Every structure is written in C-alpha cells, then in structure tokens.
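Engineer: Structure incoming, see below.
The values are calculated or read from the model by the stated rules, or taken from the named source; none is laboratory data. Being a predicted model, the structure only gives us computed values, none of them experimental. Cβ atoms come from the backbone with ideal geometry, glycine included; neighbour counts cover every protein chain shown. To get the accessible areas, we keep the full protein, side chains included, count just its heavy atoms, and leave off ligands, DNA and RNA. Shrake-Rupley method; radii C 1.70, N 1.55, O 1.52, S 1.80 Å.
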Amino acid sequence: MAGFINPISGQFLLNGNDYTKIPIHKRNFGIVFQSYALFPHMTVEENVAFGLQMRKKGKADISKKVSNLLEIVDLQDLSKRYPNELSGGQRQRVALARALVISPDILLLDEPLSNLDAKLRLRMRVEIREIQKKLGITTIFVTHDQEECFSISDKVAVMNQGIIEQFDSPETLYKKPATEFVARFVGFENFLPLTKHETGYHCNGIRFVVDHESDRQMANLQGTIRPEDILILQESQPEHNVIEGTLIVRPTSGKVINIKLKQPSESLSLMARDNIL
C-alpha cells in the first residue's frame with residue numbers, strides 16, 4: 001500500500017483511484033515506521049515540517065500547520081528539542097505529527113508501538129485513536145498484538161500467509177470467527193468435528209446446540225468453544241452439549257486444566273473452578 005514493493009497481481013484502489021503503479025513519491029500517504037525514522041539532526045518542529053517543505057509550501061502555511069499538529073499531539077512545548085532529548089512516546093508522537101501534517105489521503109502505521117514498554121503502549125494506542133477520530137482520517141494499523149488491534153480498530157483483517165481470512169468488526173471476529181485459523185488467533189482452543197443433521201449438529205452421537213451457525217452449506221464443520229465457557233456438571237445434565245471425560249492434569253498454579261474425552265478421543269481445555277479442584 002505504501003508503494004515500497006511492486007504487487008505481483010491485483011489492484012490497490014483508494015477513493016476510486018488506482019494506486020497500483022503510482023510511485024511512492026506521488027502517493028499522498030502518511031507513514032509511521034516501527035523505528036520512528038526521525039531525522040536526528042532536526043528539531044521536533046523541523047521533523048514535522050519536512051514533508052511540507054518537500055512540497056514547496058509557503059513558510060506561513062508550514063508554520064501554521066506544524067503548530068496545529070504539535071498542539072494536537074501535545075508537543076508544542078517541545079518543538080525546539082531534538083529526537084535524542086525525547087522519550088519513546090514523545091518520538092512516536094513526532095513521527096505521527098510528521099505523517100499527518102501533509103493532510104494525507106490515508107495514514108499507514110507499521111507496528112508503531114512495538115518499541116514502547118507495556119504501560120506506554122497502552123497510553124499511546126488511546127492517543128492514536130483519539131487523534132484519528134479527531135482528524136477523521138482512514139488509518140491502516142499493522143500489529144501482531146491482538147489486544148492492541150481489537151482495542152483501536154473499527155474493522156480488523158486477520159491475515160494468514162498473505163491471505164485475508166476474515167475482515168470484520170472486532171466483536172464479530174471475537175464471537176464468530178469464520179475459519180479455524182481466525183478462531184485460534186482470537187483465543188479458541190477447543191475444536192470438535194460436527195456433522196449437520198435435521199435435528200442439529202452431532203459429534204459421535206452427541207447432539208450439540210450452537211450459538212452461532214455457519215453460513216456455509218456444509219455437512220461437516222468444526223465446532224469450537226472457549227475454555228472459560230465449559231462447565232463441569234456433577235448431577236443433572238441437559239439433553240445436549242454434554243461430553244463425558246476424565247481429568248488428565250490437575251492444575252498447580254495455572255488456571256487451565258485438561259480433560260480427556262470419552263468420545264471423540266481428544267481432550268478439552270477448560271478453566272479451573274473450585275468444584276473440580
């Protein structure tokens with residue numbers, strides 16, 4: 001999308017325009033790199049002004065836009081400092097302001113928080129989201145951090161070997177993963193082979209009632225359930241969604257235990273509770 005690599009196939013369309021073969025210097029995109037990539041010999045305001053200077057903007061226009069962006073990212077009091085005089089979070093905000101000052105058609109963020117500690121990462125993702133909403137600019141945020149991704153995004157694309165397996169809201173991805181890869185990515189650990197019948201779904205003669213049915217018209221499907229959603233029944237049992245099993249590993253300090261199933265010959269992971277410890 002940034003234009004650094006030529007695509008092998010397909011098209012990249014934005015606002016009805018084909019950017020597939022447009023060179024990087026002709027794309028009005030804002031980019032924030034993982035390493036910030038600030039110019040060490042330039043002050044904060046000089047770093048932010050760089051893109052406007054390359055576009056031959058007037059001094060008054062540059063001064064006004066830089067001042068406005070530094071206020072938005074709360075760096076107006078640090079405008080004369082150099083990158084080595086800033087904290088990691090401050091450098092990240094300089095990089096963000098530099099990308100935004102050119103009024104880009106789209107903002108591209110390449111794992112922008114990976115170099116920050118956990119506490120600062122949490123604060124910065126909130127700040128990035130607030131800035132994005134304030135400016136109303138479409139932003140692509142690349143990350144391997146699932147929590148970071150889900151907390152900051154309106155839509156999430158989960159990719160596997162360069163292929164988008166599901167593109168949906170964070171809530172839908174979390175509750176209704178479309179594939180096993182996506183399900184494992186969002187925390188599902190337990191999978192059961194299900195066969196569709198007139199009376200519902202079955203696994204080795206056991207009837208299952210599911211919360212979310214697949215839209216796919218297939219006889220054989222994978223059912224999945226989170227460890228925290230499995231209950232241990234000791235007395236009365238419903239007519240469906242019940243599997244007999246044997247405790248394999250009793251937890252010592254962890255919260256998850258394993259149960260060996262009678263059928264199918266697999267195991268399930270579930271959250272430890274007082275009634276089975």
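Engineer: From the protein chains alone at 1.4 Å, what is the descending order of accessible area for THR179, THR199, largest first? Intermediate results must be reported in sequence, preceding the final value.
Structural biologist: Numbers: THR179 35, THR199 90 Å².
The most accessible residue leads, giving THR199, THR179.
Engineer: Rounded to the nearest whole Å², what accessible area per residue is found for the chain with the 1.4 Å probe? Please list the in-between numbers first.
Structural biologist: Numbers: 17460 Å² over 277 residues.
For the chain, the per-residue accessible area is 63 Å².
Engineer: If you wrap a convex hull around the C-alpha atoms of segment 115-178 and split its volume per residue, what is the figure in Å³? Present the calculation step by step, with values, prior to reporting the outcome.
Structural biologist: Working: hull volume 6.3 nm³, N = 64.
Cα convex hull per residue, to the nearest whole number: 98 Å³.
Engineer: Build a GNM of the chain with springs between Cα atoms under 10 Å: which of LEU86, LEU233, LEU113 gets the top mean-square fluctuation?
Structural biologist: Greatest mean-square fluctuation among the candidates belongs to LEU233.
Engineer: Using a 1.4 Å probe and counting only protein heavy atoms, arrange ASP211, ASP229 so the residue with the most accessible area comes first.
Structural biologist: Greatest to least solvent exposure: ASP211, ASP229.
Engineer: Where the only charges are on Cβ atoms (+1 Lys, Arg; -1 Asp, Glu), what is the dipole of the chain about its Cα centre, to the nearest 20 debye?
Structural biologist: Working: 34 positive and 34 negative charges, 246 e Å.
For the chain, the charge dipole is close to 1180 debye.
Engineer: Within segment 1-105, what whole-number % of the accessible surface is contributed by carbon and sulfur, with the 1.4 Å probe and all protein chains included in the calculation? List each step's numbers first, then the result.
Structural biologist: On the way: 3180 of 6290 Å².
Looking at segment 1-105 in its full context, I get 51 percent from C and S.
Engineer: Largest first and to the nearest Å, give the Cα extent of segment 85-230 along each principal axis.
Structural biologist: 67, 30, 27
Engineer: Given the options ALA219, ALA178, ALA97, state which has the largest fluctuation in a GNM of the chain using a 10 Å cut-off (strictly under) for Cα springs.
Structural biologist: It is ALA219.
Engineer: If you don't mind, there's one more thing I want to ask. Per residue Cα convex hull volume for segment 1-102, in cubic angstrom? Spell out each step's value before the answer.
Structural biologist: Working: hull volume 12.0 nm³, N = 102.
With only Cα atoms used, segment 1-102 gives 117 Å³ per residue.
Engineer: To continue, here is another question. I'd like the orientation of helix 44-54 relative to the chain: the angle between its Cα long axis and the longest Cα principal axis, in ° from 0 to 90, rounded to 10.
Structural biologist: Around 80 degrees separate the two axes.
Engineer: From largest accessible area down, sort ARG207, ARG125; use a 1.4 Å probe on the protein chains. Walk me through the numbers before you get to the answer.
Structural biologist: Details: ARG207 85, ARG125 30 Å².
Descending accessible area places them as ARG207, ARG125.
Engineer: Can you give the accessible area of ILE102, probe radius 1.4 Å, in Å² rounded to 10?
Structural biologist: Spelled out: ILE102, probe radius 1.4 Å, area about 20 Å².
Engineer: Moving to a separate point now. Which residue, GLN92, GLN53, GLN161, tops the fluctuation ranking in a GNM of the chain built on C-alpha contacts under 10 Å?
Structural biologist: So, out of GLN92, GLN53, GLN161, the one fluctuating most is GLN161.
Engineer: Oh, and also: Considering the Cα trace of segment 64-124, what is its radius of gyration and what is Dmax, both in angstroms?
Structural biologist: Gyration radius and largest Cα-Cα distance of segment 64-124: 11.8, 34 Å.
Engineer: I've got another one for you. Report SER114's accessible area, 1.4 Å probe, all protein chains in place, as a number in Å² to the nearest 10.
Structural biologist: Around 50 Å² of this residue is reachable by solvent.
Engineer: Please provide three numbers in whole Å: the alpha-carbon extents of the chain along the principal axes, with the largest listed first.
Structural biologist: Taking max minus min along each principal axis of the Cα atoms, the chain gives 78, 44, 28 Å.
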